[in-house]
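What follows is a short report on a single structure.
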Amino acid sequence: AILRMNDAIENAQASPDNIFKWDINGAWYASTLCIVFALSSAPVGQPRQIIGAHLINAFVGLAFQQIPTTFGMYNFEDFASIETGERKGMPLFWRVSLAVGVGISAQAWLGVMHPPATGLAFSFAYSNQYQASNVAVVMLADLIIIALATGLLNLQKNKQYPLFWLGLSWKYPSGKKTAFMEKNKRRQPQD
């Protein structure tokens, strides 16, 4: 259902100049679902990481989409076969590679790592059919995933999701942080 939300938007706005005509490549959501439901205590699966990383990578992909490229240059062979004068702009494989690299770097620098989100940077940089308005569909899918995970995982006695929302009060599972700090307090020399 999450992967085909755009179909509902397209049907609701069926007009010749519909700006929402794009096919969602949901590979990053399959990975996100795996992380959220199988690794629910992992920091990369928390709401802040999911929303932040998807926003960062969508906008990185849109930024790299603005770099002119010669379509038809999908790999090094294609690049070599096109005459030098016919090459206009950056080869597509460089554009998407740079977008993924910048997306990963931005996630790491901002502290919102969520590895599947780099698929957004790839998809948005690869195809000119994505627009800034498509980020709303991505955010809607994120909110649905987080709401489902919060509801379903908290029904289980041995799981809690999310462990933190904004990353400000994350507590290690089973009190490891507290036990570690208490252990180190006892080791410090007394005056």
Where a residue in segment 97-110 is under 9 Å from GLY61 (Cα atoms) and its partner, wherever it lies, is open to solvent by 60 Å² or more (accessible area, probe 1.4 Å) and at pLDDT below 95, with Cβ under 6 Å and at least six apart = VAL100/PHE122
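Where residues in segment 31-60 are over 18 Å from ALA141 (Cα atoms) and part of a helix (DSSP H, G or I), which of them is modelled with the highest pLDDT?
Let us first name the residues in segment 31-60 that are over 18 Å from ALA141 (Cα atoms), namely 38-39, 41-43, 60.
Now drop any that are not part of a helix (DSSP H, G or I), which leaves 38, 43, 60.
Details: ALA38: 88, PRO43: 88, VAL60: 96.
Applying the filter and picking the extreme gives VAL60.
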Selected residue (only one of ASN18, ASN11, ASN6 is assigned to a helix (DSSP H, G or I), in contact with an Asp or Glu (Cβ under 9 Å, 6 or more places away or on another chain) and at pLDDT below 55) | ASN6
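Please state which one of ALA136, ALA141, ALA108 is over 20 Å from VAL36 (Cα atoms) and not basic (Lys, Arg). Let's see the steps before the verdict.
Values: ALA141 fails: over 20 Å from VAL36 (Cα atoms); ALA108 fails: over 20 Å from VAL36 (Cα atoms).
So the residue among ALA136, ALA141, ALA108 that is over 20 Å from VAL36 (Cα atoms) and not basic (Lys, Arg) is ALA136.
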Within segment 131-158, which residues are of a type in the set (D, E, K, R) and open to solvent by 10 Å² or more (accessible area, probe 1.4 Å)?
-> LYS157
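The values are calculated or read from the model by the stated rules, or taken from the named source; none is laboratory data. Not measured: the values here are computed from a predicted model. Neighbour counts are summed over all protein chains in view; Cβ atoms, including those assigned to glycine, are modelled from backbone coordinates with ideal geometry. To get the accessible areas, we keep the full protein, side chains included, count just its heavy atoms, and leave off ligands, DNA and RNA. Shrake-Rupley method; radii C 1.70, N 1.55, O 1.52, S 1.80 Å.
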